[in-house]
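Written out below as structure tokens is the structure these notes cover.
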Amino acid sequence: MARSAPARAARSRAPARPSAVAALRDRVPWPSAVAATLVTGYVTLFVVAMVHTSYDTWGALLILPVLMAVGTPLLARIAAANPERDVFRLLMLAMTAKLLCAFPRYLMAFVLYGGAADAKMYHQKGAELAAYLDQADLLAGVHYDLGMKVAGTGFVIIVTGVVYAITGPSLIGGFLVFSWLGFWGLLLFWRALQIAFPEADTRKYAKLVFFLPSLLFWPSSIGKDAWMMFCLGLTTYGTARLLDRRFGAFACIALGSLGTAMVRPHVTALAGAGLMVAYVLRKRPQQASALGPLRTILTAVVLGAMAVLMLQQVSTFFGTDGTGGDAVNQVLSETSRRTSQGNSMISATAPEDAAPKFSLNPAGLPVAVVSVLFRPFPFEASNIQNLIQSVECFALLVMFIRSWPRLTRLPRLFVQRSYLAFTAVYTLLFCWAFSTINNMGILSRERVQVLPLVLVLLVVPAASTARGAPERRPPPVWRVAPGQWGGRRRPPEAHPVRTGGPGSDGASPIRSPVRSPAQSPARSPARSPARSPVQSPTQSPTQSPTQGGSTTP
């Protein structure tokens, strides 16, 4: 018994053996195990779906990883141009969320509404066109009758048929492809802000434009919304490059405008008007070349010709005579009549077959802005879908009210950053034109064509930031200034470095790797002075330069 006490004391002082669970946790590579489990589950689900469902369903399980595999390296390349490491994670999360929203969008169209959606018609017509393309000799020419004109619905059928010719006629897979296309449109909007308005809070804008519920949900279906989102993003990206005098601007504007004009030419005309105003207000370079005035004149002529073509396309699309006020009023009245049906109708005062007249007086513009951007209000919701939409609209209204001091500075910023003029003009014209929609559901879906540019107004910097005063909080590291899209930015030096020379007691920061024995000091690195060659004379030995030029103790 006397020996047991020291033995117990020795055992208590000895380190405890790791438990079996801790040993297993240290021995098993859990990230690899989780990845293997997910892959195994996905493959099992894919096999079960192939046995029990048609290609309409299990084809999506094949298309989804392909879209992720194609998009991931592109996002990695984009994130490499931003010095902050969280950019890639943000973009991957945004792409994943956008693709996953295709499934609830499909359930809403084919379960909640029982297939009473345009996506069903696009799928059927697109599958027929894809079957024709698989058997046709493309070199001999394509002769296919859509049964309708190409502009508008017919063009979306052609896009769907081309997609199905590549992926196969999968309904859910088509939703995924169009949703993926809409994501790249949102990314182009984000990239345009970085180029044309680098002072803005691009991190906040990224969170808003990538994760706003309306932008996630509505452009995730086979149809015009996702295509318009992509083409408008491309047009906006080209506009930003044009205002910043970058190469390839006209190619992006031409391709984006052509894509929108084939579906909704009136939206193309609105974007063209904003582009014209922004180009006139853009800031001139301090050192203009001799060809500068000629280049400006040629650019104005090209933009004017594009505007005339767009107005003619709008007139042909709506079947009106001319482009004057009477034709515009006719289009707006017909739009209101066609949307005055369903349970989500805004105003039921006009008869069903009547086409109400609208005034072109700009005095009604404030009411139009509120109606398009912030309705339905919570008390106007007639179903659960409108109630959810009203919550988002109310949140946007609160954000705009809180940002009102910054919004009052917009007229002064139009010349400094004419991209804001493009944003404001397009937003106002869009609200004026689409205020004639007399259905809450249709208005909620059409509104996504202006929301990415409306969100720009919420990230305008404060007055002190715009004048060049230091911000109260450190700016995000990942902001990319114009001209830095091609590579990673070098952090600026913390302080000017004194270089050595005749009569100078400073050490040169750049030294030749080959030195003569007479020039090389005989001391070892451990015995070197405390101050490094690149250290400022006023910098203490305990301080080290950080990114952005600031120092931390």
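Among 151-157, 40-46, 246-252, how do they line up by average Cβ neighbours within 10 Å per residue, starting with the highest? Let's see the in-between values first.
Details: 151-157: 18.6, 40-46: 11.3, 246-252: 14.4.
Top to bottom by mean Cβ count within 10 Å: 151-157, 246-252, 40-46.
When you count the other C-beta atoms within 10 angstrom of each residue and take the mean per peptide, 412-419, 138-145 line up highest first as 412-419, 138-145.
What shape does the stretch 178-294 take by its C-alpha gyration tensor, where a ≥ b ≥ c are the square roots of the eigenvalues and a/c under 1.5 counts as rounded, a/b above b/c as prolate, and the rest as oblate? Intermediate results must be reported in sequence, preceding the final value.
Working: a/c = 2.62, a/b = 1.54, b/c = 1.70.
Taking the square roots of the gyration eigenvalues as a ≥ b ≥ c, the stretch 178-294 is oblate.
For N439, the residues 5 or more places off, or on other chains, whose built amide H falls under 5 Å of its own are I346.
Bridgeable lysines around K125 (alpha carbons under 17 Å apart, same-chain partners fewer than 8 residues away excluded): K149, K224.
How much length is gained on full extension from L138 to K120, taking 0.36 nm per residue of separation minus their Cα-Cα distance?
Numbers: separation 18, 0.36 × 18 = 6.48 nm, distance 2.68 nm.
Length gained, L138 through K120: 3.8 nm.
When you count, for each residue, the other Cβ atoms within 10 Å and take the mean per peptide, how do 268-274, 73-79 rank with the highest first?
On the way: 268-274: 24.1, 73-79: 14.3.
The peptides rank, most packed first, as 268-274, 73-79.
The HN-Hα couplings worked out from phi for the stretch 183-192 by the Karplus form 6.51 cos²θ - 1.76 cosθ + 1.60 (θ = phi - 60°) are 4, 5, x, 5, 5, 5, 4, 5, 5, 4 Hz, whole numbers, x standing for Gly and Pro.
Ligands, DNA and RNA left out, the accessible area of the stretch 27-132 computed with a 1.4 Å probe is 72% carbon and sulfur.
The values are calculated or read from the model by the stated rules, or taken from the named source; none is laboratory data. Quick caveat, the model's predicted, so the values are computed rather than measured. Positions of Cβ are generated from backbone atoms using ideal geometry, with glycine treated the same way; all protein chains shown enter the neighbour counts. What goes into the accessible areas is simple: the full protein's heavy atoms, side chains included, and nothing from ligands, DNA or RNA. Shrake-Rupley method; radii C 1.70, N 1.55, O 1.52, S 1.80 Å.
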